[in-house]
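What follows is one structure encoded as structure tokens, with my remarks underneath.
The values are calculated or read from the model by the stated rules, or taken from the named source; none is laboratory data. All of these numbers come straight from a predicted model, not from anything done at the bench. Positions of Cβ are generated from backbone atoms using ideal geometry, with glycine treated the same way; all protein chains shown enter the neighbour counts. In case anyone asks, the SASA skips ligands and DNA or RNA and just uses the protein heavy atoms, side chains included. Shrake-Rupley method; radii C 1.70, N 1.55, O 1.52, S 1.80 Å.
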Amino acid sequence: MKIYLVRHAIAENAGTSDYEDDSFRPLTDKGHEKMKKIASALKSLGVDPDLIVSSPYIRAGQTAAVLAKTLNYKEEIAYSDSLVPMGKPDDMIGEINEKYAVDELMLVGHEPSLSTLASVLITGSPDISINFKKGAICCLSVDDLHYDRKAVLEWLITPKISIKII
């Protein structure tokens, strides 16, 4: 299985009077446009997810929608509370094993949960530091997905690099 971990694009600032509830912060226009370019780069790399699962937060859902449109994804985007900012990696791993039997899975979420999930999948421990910038994408491959089974890090692309691919 290939697992693509995608951090949402640039969103409105947290803690402003317009967005006191963090889950309602949308992407900025700049974030939306940048994600379109990032998604085009993924398309040129042959990324073709069988399933896209997003955090229920607005900015992640909007990021997933841009990815789905650009990648010609025809299915409904699924949503998981395991992808919220403080989601636990073991919950997401269990959910993948129970619900998502696909060859290519794209997970759209937030920090710190994405870097923690990547760390656990790669090393079996949440202790490795991974810098997931907004719009960054990580590709992992794994044969048997469990908390203590190691995934292979295929690549990690920052937004600046992905935009240069197209």
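Values for this structure:
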item: Å² of accessible area per residue within the chain, as computed with a 1.4 Å probe and no ligands counted; result: 50
item: Overall dimensions of region 17-88 as given by Cα atoms, namely Rg and Dmax in Å; result: 12.9, 41
item: Positive dipole terminus of the chain, leading residue within L107, N131, V152 (C-beta point charges); result: N131
item: Distance between modelled label sites at A101 and E33, nm, 7 Å Cα→Cβ extension; result: 4.5
item: In region 1-108, lysine pairs with alpha-carbon atoms under 26 angstrom apart (chain gap of 8 or more, or interchain); result: 24
item: Rel. contact order, % - alpha carbon contacts under 8 angstrom, at least six apart, the chain; result: 30
item: Accessible surface of the chain [probe 1.4 Å, protein heavy atoms]: carbon and sulfur percent; result: 48
item: Contour excess over end-to-end distance, with Cα ends at S129 and E154 and 0.36 nm allotted per residue; result: 7.3 nm
item: Net dipole in debye of the chain [+1 Lys, Arg Cβ; -1 Asp, Glu Cβ; about Cα centre; nearest 20]; result: 900
